[in-house]
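Let me give you the structure first, and then I'll get to my questions.
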Amino acid sequence: MANTEYFEKEIANLKRRIKNIEERPDPRYMKTTKLRYELEVEHLIDMVEAMQDNKPFAEFYEIGQLQSALGFRHGVGGDRVRDPYHYKNIAVNTFGFPEHTCDRTMMALALIISGELPIPRVMTTHRTPCDPHRLSYLAASEFLGVLLFELVKPNSSGEAAIRCFGEQLGELIEFCEKSVAGIKYDEDKLIEILETNHIARGYQIETYELRKRVPCPISPQDVFRIALSPGGHVNPTKALEYCRLYRDELFERAEKGITGVPDEKLRIAWTASAPFGRQTFDLLSRKGVSMPWYHFGVSPAMYGVVPATYGDDSAYGRKLTPLEEVARGGVFANVWGTTAEPWVDSLIKACRELKIDAVVDYLMPGCITTKSLKRITAERLMEELGIPTLDLEGREFFMTEGEIFNMNKKLEEFLDMCIANKK
Amino acid sequence: MDARALEMRLSSLVKGNSPERRKEHVLKAKSQGKKIIGSICPCMPEEVIYAAGMLPWRITGTWDSDVSRAAAYLDLDSCQYCLHSLEALLRGDLDFIDGMVGSDWDDDQRRLYDTWKRVSKPAFYETYSASLNKSSIVVRYRAHELAELASALERFSGHKITDDGLRQAIKVYNQTRRLLQQFYELRKRPVPLISGPEVLGITTASRVMDKAEFNAELQDLLPYLEGRQVAPRSGQPRILVSSDHLDNPRFLEIIEGEGCQVVMDDLDTGSRYFSKLVDEYADDLYLALAWRSADRPGDAAMFGWKEQARQTIQWAKDFRADGVIELFDEFSAARQWRSPIVTREMARENMPFIRISRGYEVTNIEQLRTRVGAFLEMLLEAKSVPGKSIS
């Protein structure tokens, strides 16, 4: 009998939020948030039913469209655990996995090995976005006996590289069809997913223009919200409609003069990840600090800062196959887990276009790909844009209130300094 | 040549990568007009660099504890080898390096190369893929990458890489591998004819020397070593040491000093370096190099942890090791993530196993001694009580 307790709790929580919005609508927050939660509930209910029916799940990081086109269900990560200490205890003390590593990967692993997330039938891994992610997938695979298919993303990004990756995806398809009963690749479905996601991405790119406005009309919470990829959703039509309505609402609020934070005094970019919880966002709002840009692996591609446009024949000198398009939009678009230039160049570009005053470089334990780039990031931001960077050490899941208090204290001092210097 | 003279030659070779000696070969290569290509990646495609008329040189980091310069760039809680290598660069210890060849081995190495490029602005810098993936698609692509790397190396060195030149380079490197394999066989004997620190000294020396010169030296020494007179160390446990980026023989001196014999290793600076030959008769030499690269024994940063653990266990059995000591860098993400799987495999095979964290520099010596000593005591006790297991 599948353990669906984690998802049942999530569904109950989301339903409570939806009820809260219906009973006490707050004009400060976006109306489409309710629709977003409804979509998440639908997705989770579908997952619970799939688990109960023993349908096959998979974890294909950054190539999720192919996962859906093969007929796998997709599990969710460890973003919303309420008792991180419990899961960390499982992973570190019970099973012996590393303590000083990325929270997100640790929580996801703990959820899987404790049986609270569905165990995938197949996992894929490659070298983006980072080692903790790849290693946690290796760990889950080796510990649980899950089939693992290693993909190699070449270091270069030219035509030969994307062809190589596309061919590997072909091998992955054969592997899955042979290894998991009932799995069959549907290319028409893949194309439909890619085209749906392409439309959604168009909406996102339009909202990037709003971020250029001063004051920024989008709140930090909404900047942090990861954009939905509707193609793989259980209800793709409704999910795509949400993406359109979300775009419309952002423009509507901007036209009405609703700002992201009251009395904007400073504009910051934030990198990598953030603490889960309200305190930091409340601090930003209180200080009048807007955050037009959240910089992580695929955000430059999502918002058009770097080109990764589906169907663009000019990028590689030819039309890409559907599998190559999967690579183009995900793995090849990720600016993490590669050399410094894609990460820093795209950050600088976004900061320039969005008139950013300062950058918060969020450095989590185990996040070598960001932490060991901090000096280069800060130096180049100062040299090329004249803006300061705060190296802010923190976690996604803080174990004590004191830790997050201290972190926010450092953040506040930096923000105050930047605001004072700006005047 | 008499035994004393050969013993001195052996001692000289063992010290080839010591701080005092490791640049000797650099100076010699430079005097011959050769450029030096540095790397920290365990799978640096040395043959291609060699065929381009340059000296491939494995970087050793600083062996003291001061990493204050490097800590301004890289996270202190990250790969200590990378940290100490960057420190060496920033101190000016590596100013003789003309170019770098790097890989996507792991996040730590990628960031080291990023910093290196920014700080040093090397005249030459290229990368390649370090995966062990044996898909023919990937291996063919890697061959394509190697060919492109070769073109870049040619332009930098001004020396054309011909097929014959590359084949000759592969032959030289295969000879190194064969000689080291032969050399390692000496460790299987009931009384190993060469100590753990001596072996590590020699394997790391091979990474900073001209290979033809190294081959000639080891070839001359092997007959002497076959009949070398060593003091018997009866009753001492036989140990396999597993680690990454271990290049300071002092660690193994400390371990052997507690009363054991390090008879085998699972090191990128040791056995993993010379396992597997390249097909030197292949029509497509870049493809042959790519296959060898894919087929080599795995490291923790690579896919296949169970196989890696089983390989270590098999080596321990082949060399009749009584136990395995893993000296891991506390901040090596790959080793940390892999550890529950390795521990489980060791227990399954009843192989006595202990994990001891270490820095890149030799430090916390008494802690290391205490833990090694305790492990050896348990091994001796287990040996004295038939059927007793300590795993």
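The values are calculated or read from the model by the stated rules, or taken from the named source; none is laboratory data. Values in this document were obtained by computation on a predicted structure and should not be read as measured data. Heads up, the Cβs are rebuilt from the backbone with ideal geometry, glycines too, and the neighbour counts pull from every protein chain shown.
State yes or no: is residue A:135 modelled with pLDDT of 90 or more and either out of contact with any helix residue (DSSP H, G or I) (no Cβ under 8 Å at 6 or more places or on another chain) or facing chain B (nearest Cβ under 8 Å) (or both)?
It is true that residue A:135 is modelled with pLDDT of 90 or more and either out of contact with any helix residue (DSSP H, G or I) (no Cβ under 8 Å at 6 or more places or on another chain) or facing chain B (nearest Cβ under 8 Å) (or both).
Conditions (1) within 14 Å of chain A (Cβ to nearest Cβ); (2) crowded, with 22+ Cβ neighbours inside 10 Å, marked per residue:
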site	(1), (2)
B:283	no, no
B:305	yes, yes
B:343	yes, no
B:350	no, no
B:355	yes, no
B:375	no, yes
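Being free of Cβ contacts under 8 Å to residues at least 24 places away in the same chain, of a type in the set (Ser, Thr, Tyr) and within 14 Å of chain A (Cβ to nearest Cβ) is true for just one of B:136, B:131. Which residue is that?
B:136
Follow-up. Residue under question is residue B:142, and the condition is that it be in contact with a strand residue (DSSP E or B) (Cβ under 9 Å, 6 or more places away or on another chain), away from every other protein chain (no Cβ under 11 Å), buried (at least 21 other Cβ atoms within 10 Å of the Cβ) and charged (D, E, K, R); does it hold?
no
Looking at region B:241-277, which of its residues are within 20 Å of residue B:320 (Cα to Cα) and among the polar types (S, T, N, Q)?
The answer is B:242, B:243, B:261, B:271, B:275.
So, in region A:157-181, how many residues would count as being more than 14 Å from chain B (Cβ to nearest Cβ) and either over 30 Å from residue A:242 (Cβ atoms) or within 23 Å of the chain's Cα centre (by Cα) (or both)?
5
Only one of (1) crowded, with 17+ Cβ neighbours inside 10 Å; (2) within 11 Å of another protein chain (Cβ to nearest Cβ); (3) hydrophobic (A, V, I, L, M, F, W, C) fails for residue B:119. Which number is that?
(1)
Please enumerate the residues belonging to region A:106-133 that are free of Cβ contacts under 8 Å to residues at least 40 places away in the same chain and within 22 Å of residue A:72 (Cα to Cα).
If the condition is that a residue be free of Cβ contacts under 8 Å to residues at least 40 places away in the same chain and within 22 Å of residue A:72 (Cα to Cα), then A:108, A:109, A:110, A:112, A:113, A:114 are the ones that fit.
Just give me the residues in region A:365-410 being among the hydrophobic types (A, V, I, L, M, F, W, C) and either on the phi > 0 side of the Ramachandran plot or facing chain B (nearest Cβ under 10 Å) (or both), in sequence order.
A:367, A:368, A:373, A:376
Shifting gears a bit: Name the single residue, out of those in region A:1-59 being of a type in the set (Phe, Trp, Tyr) and surrounded by 15 or more Cβ atoms within 10 Å (Cβ to Cβ), that is modelled with the lowest pLDDT.
A:6
Counting only residues that are surrounded by 16 or more Cβ atoms within 10 Å (Cβ to Cβ), part of a helix (DSSP H, G or I) and not small (Gly, Ala, Ser), how many does region B:145-167 have?
Total meeting the criteria: 8.
Could you tell me whether any residue of region B:185-204 is in contact with a helix residue (DSSP H, G or I) (Cβ under 6 Å, 6 or more places away or on another chain), more than 13 Å from chain A (Cβ to nearest Cβ) and more than 30 Å from residue B:257 (Cα to Cα)?
Among the residues of region B:185-204, not one is in contact with a helix residue (DSSP H, G or I) (Cβ under 6 Å, 6 or more places away or on another chain), more than 13 Å from chain A (Cβ to nearest Cβ) and more than 30 Å from residue B:257 (Cα to Cα), which makes the answer no.
Quick check on region A:91-121: of everything there that is of a type in the set (S, T, N, Q) and within 21 Å of the chain's Cα centre (by Cα), which residue is surrounded by the fewest Cβ atoms within 10 Å (Cβ to Cβ)?
Checking each candidate, the answer is A:101.
Let me ask you something else. Collect the residues in region B:59-75 that are in contact (Cβ under 8 Å) with a residue 40 or more places away in the chain and either within 14 Å of chain A (Cβ to nearest Cβ) or surrounded by fewer than 22 Cβ atoms within 10 Å (Cβ to Cβ) (or both), keeping them in residue-number order.
B:63, B:64, B:65, B:73, B:74
What do you reckon, is residue A:169 touching a residue at least 40 places away in the same chain (Cβ under 8 Å), outside the structural domain of residue A:397 (by TED's automatic domain parsing) and in contact with a helix residue (DSSP H, G or I) (Cβ under 6 Å, 6 or more places away or on another chain)?
yes
Right, next: Can you find a residue that is within 19 Å of the chain's Cα centre (by Cα), within 8 Å of chain A (Cβ to nearest Cβ) and either modelled with pLDDT under 95 or in a loop (DSSP other than H, G, I, E, B) (or both) anywhere in region B:80-102?
no
Ok, one more. For residues that are more than 7 Å from chain B (Cβ to nearest Cβ) and not aliphatic (A, V, I, L, M), scanning just region A:138-155, find the one that is nearest to residue A:369 (Cα to Cα).
Step by step, filter region A:138-155, then rank; the result is A:153.
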